[in-house]
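Structure first, commentary second.
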């Protein structure tokens, strides 16, 4: 029996997907040093919750407060006005906050699965070393994305790595530029904020206190974008971290027909970001909007993009991250077959068959290649995909599971239907366990009479 046919049998045993609304969460350090940050959020609260009320992205709101030595309260509601009023009444007070991980855990536990959480603080996490693994595991288990907005430190250094790189080192141009190695990648050597954002598909914004209100514009834009679990999704096409200063010219990316918004962000000192069309000409100002335009953060949205190749040029005077995201109905959900059992999280103790669920039936036949990509961009394995049915793909053979966290990325090698080659990635990282693999036998074809509905 071929793997594609075998995969069709296994699909019966996949759990049915859970569809529900998601939460918009705020995890806020409410100590005295945060008064300016809180004021920045409050100044945008009316606009933010008006957007949330009009849009369909969120139907639930969570505000988790923390300081040191206490945390809480945690406020959860489906009423946008009640959430706005709660935020508008937050007042900073007390000493430098450090129980950040505890606050994040409380926020995730109060939120719905696959929610969007924004974390505001100016302090390092005293409980990061002890609770960091718990925070990351909980975020991955719930599928929540966490975006930290950080405004310096009021006690210790906020980053576990050195942010000031030589502006003259690592210069490059054109399409070739230095990719970081695992030894200097923020996802690997950064602090709890860097690692949590990387694992969950989020971003870390390091800004001044006066710039917090500008960053809230990102939250407002997303709230109005009508992102849902079943329909339009917010997906990362590509994330590039460069540990040194660089100037990159005309880096290409592909927009497929399912995309209706493209958001390109650059985070780094003295950030410069320019978008180009398929001919290499700068996009006219009417083709995009500046969501954020401050010194260290540039965020631009291409409105109603046409399918095809676009380009981006960018530069920064030190380490920086470029992220290209899209709003699309086409997403993927991977799972792994080991020892006759299908899991969302695989074990390193055995090879696995990888199943990829596609959210659009017409797209399943498009993707033909899968990569297992590490947090630092290292590709562990590349393998071909076979079509199981209209919404599922399966790896052409079993793959070894890496020891470290990774993403599943699928692509169509070469152009399809006249369009450029495009990709999709798992929404969050997959962090394997080392638990023994069950010896449960593979489900038999005799468990049902008719498999024709799968094809």
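Brief remarks on what is shown
- Sites residue 435 and residue 56, calculated FRET efficiency, Cβ-Cβ separation with R0 35 Å, nearest 0.05: 0.35
- Theoretical FRET efficiency, 1/(1+(r/R0)^6), r = Cβ-Cβ of residue 351 and residue 134, R0 45 Å, to 0.05: 0.95
- The slack in the chain from residue 285 to residue 47, taken as 0.36 nm per residue of separation less the alpha-carbon distance, amounts to 83.3 nm.
- Residues of the range 117-138 with amide N under 18 Å of a point placed 7 Å along Cα→Cβ from residue 36: 120-124
- Applying 1/(1 + (r/R0)^6) with r as the Cβ-Cβ distance of residue 421 and residue 361 and R0 = 30 angstrom yields a FRET efficiency of 0.90.
- Residue order, fewest to most surrounding Cβ atoms within 10 angstrom, among 381, 147: 381, 147
- Distance in nm between pseudo-label sites at residue 89 and residue 250 (7 Å out along the Cβ direction from Cα): 5.8
- Contour minus Cα-Cα distance for residue 384 and residue 413 (0.36 nm per residue): 9.4 nm
- The range 309-356 and the range 190-269 have their alpha-carbon centroids 15 Å apart.
FYI, it's all coordinate maths here, none of it is from the lab. Fair warning: this is a prediction, and the values are worked out from it, not measured in the lab. Positions of Cβ are generated from backbone atoms using ideal geometry, with glycine treated the same way; all protein chains shown enter the neighbour counts.
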